[in-house]
Amino acid sequence: MAQSQTQGMAPETDEAAHFQAKVDREIKIEPRDWMPDGYRKTLVRQISQHAHSEIVGMLPEGTWVTRAPSLRRKVQLLAKIQDEGGHGLYLYSAAETLGTSREEMVDALHEGRAKYSNIFNYPVLSWADIGAIGWLVDGAAIINQIALCRCSYGPYARAMERICREESFHQRQGYEIMMSMAFGTKEQKRMAQSALDRWWWPSLMMFGPSDRESAHSSQSMQWKIKRVSNDDLRQQFIDMTVPQADYLGLRMPDPDLKWNEERGHYDFGEIDWAELKRVVSGDGPCNKERMAARIKAHEDGAWVRDAAAAYAEKQRMRKEAAKIAAE
Ligand code: BYC
């Protein structure tokens, strides 16, 4: 792991020592507790990026609502997308407890200062891709988020618990689509294989750079924001998913993938880290399209925000007038 500047150093003040002792004793940190600036900053970065991922993640699936192959599939997909909007809102709220407004976070996304998950910059080419997203993308998200349920920051950990429960439905919804495609006609099976071929490697990249390259991991582990490293979570995901692909009769697009009896894990091929870098720095297949869609939605929604603010102000003034009249 890349060493962060404070890793391994003794806390500099009594407050910092007290904070680290609480973290070490597994006592949750709450919004009004003292916390180091770096802890606050790291959480705002990670939680807001997580929130942005949920909101941007609604876009690729959204393009398939009108093309879902049956009413049942359409209702499932709509419910899943709606859940993702809800996850984004819990997460923005959790980040707001750290003193950064939702407006600031959304501006950072729209101005390219904040990231969102690499995975949502790939195109969704067929209905089988919707299955692959639920199975692989939500599957990867669950593995990552189960670890985050034990995050030291209370509001984030609690949001994660609720989100994980909902994500497990999403994952099953995706796997069920994959089952009906993989066990369907020859053409459906071909579509399922093509979706797996295209989504497998980007899903592995969702766990972030390797531990050696991960800039934030060592400090985030010390603060117990992260509980399991990027590479360990990635390995867990691979070990869980390979037997699921076997059951579907699909082939993983990795000639180096094989069970290692000694390690008790699957070995796998080299991830294309240059691709991850390219995609997270704005140069993936759909980055421009995704950002344009988000900015347009935000601008189109300005009147709703204005109306809600005007209504809240009217309510506040009415309450105040009633209070004065009662005195
Ligand atoms: N994509 O030091 P590292 C969902 C960035 S959505 C883009 O390892 P960290 C769903 C990283 O931000 C679920 N960027 O960072 C929704 C950092 O850059 P900055 C999304 C990535 O934070 C709709 C730099 O690389 N889940 O489930 O310690 C439909 C160095 O990395 C990525 C979350 O957001 C990436 N994949 O660890 C369906 C989980 N990976 O910020 C499904 C919450 C790394 O210094 N986040 N970067 O400019 C995390 O757990 C951690 O932030 C990560 C990265 C493991 C992702």
For the pair Ser168 and Glu262, what calculated FRET efficiency results from E = 1/(1 + (r/R0)^6), where r is the Cβ-Cβ distance and R0 = 35 Å, to the nearest 0.05? 0.65
Let me know the charge dipole size of the chain about its Cα centre in debye, to the nearest 20, where only the beta-carbon of Lys, Arg (+1) and Asp, Glu (-1) is charged. 960
Which of Trp200, Trp223, Trp34 moves most in a GNM of the chain, Cα contacts under 10 Å? Trp34
Those GluC sites (Glu not before Pro) from the range 234-295 that are DSSP loop and have at most 10 other Cβ neighbours within 10 Å turn out to be Glu261, Glu262, Glu270
Taking the alpha-carbon centre of each part, the distance from the range 94-166 to the range 47-72 in Å is 12
Hey, if you put +1 on the Cβ of every Lys and Arg and -1 on every Asp and Glu Cβ in the chain, which of Ser117, Val228, Phe207 ends up farthest toward the positive end of that dipole? Ser117
³J(HN,Hα), Karplus 6.51/-1.76/1.60, whole Hz, each residue of the range 204-221, x for Gly, Pro: 5, 6, 4, 6, x, x, 4, 4, 5, 9, 6, 5, 9, 4, 5, 5, 5, 6
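If I take all pairs of Cα atoms in the range 160-233, what percentage of them are more than 19 Å from each other?
Values: 1535 of 2701 pairs.
When every Cα pair of the range 160-233 is considered, 57 percent fall beyond 19 Å.
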For Ser210 and Asp232 in one chain, what is 0.36 nm times their gap in residues minus the Cα-Cα distance, to one decimal in nm? 7.0 nm
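Quick one: length gained pulling Arg316 to Glu289 fully straight, 0.36 nm per residue minus the C-alpha distance? Let's see the in-between values first.
Details: separation 27, 0.36 × 27 = 9.72 nm, distance 3.99 nm.
In short, 5.7 nm is gained.
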Give me the percent relative contact order of the chain, please, defined on Cα pairs under 8 angstrom at least 6 residues apart. 21
Note the full-extension length gain between Arg158 and His18 as 0.36 nm times their separation in residues minus their Cα-Cα distance, in nm to one decimal. 48.1 nm
Dividing the mean separation of Cα pairs under 8 Å (6+ apart) by the residue count of the range 16-111 yields a relative contact order in percent of 33
Under a GNM of the chain (C-alpha, springs under 10 Å), which listed residue has the highest mean-square fluctuation: Arg263, Arg40, Arg190? Arg263
Using the Karplus curve 6.51 cos²θ - 1.76 cosθ + 1.60 with θ = phi - 60°, work out ³J(HN,Hα) for each residue of the range 131-146 in order, rounded to whole Hz, and write x for Gly and Pro. x, 5, 5, x, 5, 8, 5, 5, x, 5, 4, 5, 4, 5, 7, 4
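Calculate the all-directions average of the projected area of the range 81-146's alpha-carbon convex hull, and give it in nm².
Values: hull surface 22.0 nm².
Averaged projected area of the range 81-146's Cα convex hull equals 5.5 nm².
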Once the mean 1/r over all distinct Cα pairs of the chain is inverted, what Kirkwood radius in angstroms do you read off? 21.6
Return the distance in nm (one decimal) between the two label points of a simple spin-label model at Ser281 and Asp300, each offset 7 Å from Cα along Cα→Cβ. 3.3
Label point at Ser180 placed 7 Å out along Cα→Cβ; residues across the range 125-149 whose backbone nitrogen lies under 14 Å: 127-132
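What does the net charge come to around Val65 if you take all other residues with beta carbon closer than 15 Å to its beta carbon, with K and R at +1 and D and E at -1? Don't jump to the answer; show the numbers that get you there.
Numbers: positive: Arg67, Arg72, Arg73, Lys74, Lys80; negative: Glu61, Asp83, Glu84, Asp129.
Charge balance near Val65 sits at +1.
State the three equivalent ellipsoid semi-axes of the range 124-181, derived from the C-alpha gyration tensor as the square roots of 5 times its eigenvalues, in descending order and whole Å. Walk me through the intermediate numbers first.
Numbers: eigenvalues 142, 17, 11 Å².
Result for the range 124-181: semi-axes of 27, 9, 7 Å.
Before anything else, pin down the relative contact order of the range 49-104: Cα pairs under 8 Å, at least 6 apart, normalised by residue count, whole percent.
Numbers: 31 pairs, mean separation 25.6, N = 56.
Taking the mean separation of contacting Cα pairs over the length of the range 49-104, I get 46 percent.
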5 Å is the cut-off here: which amide hydrogens, built 1.01 Å from N in the peptide plane, fall below it relative to His265, excluding neighbours closer than 5 in sequence? Asn260
What accessible area per residue, rounded to a whole number of Å², is obtained for the chain using a probe radius of 1.4 Å? 52
Within the set Asp306, Asp14, Asp232, GNM on the chain using Cα springs under 10 Å gives the largest fluctuation to Asp306
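The values are calculated or read from the model by the stated rules, or taken from the named source; none is laboratory data. These figures come from a predicted structure and were not determined experimentally. Please note: Cβ atoms are built from the backbone with ideal geometry, for glycine as well, and neighbour counts cover all protein chains shown. For the accessible areas, the whole protein counts, side chains as well, though only heavy atoms, and no ligand, DNA or RNA atoms are used. Shrake-Rupley method; radii C 1.70, N 1.55, O 1.52, S 1.80 Å.
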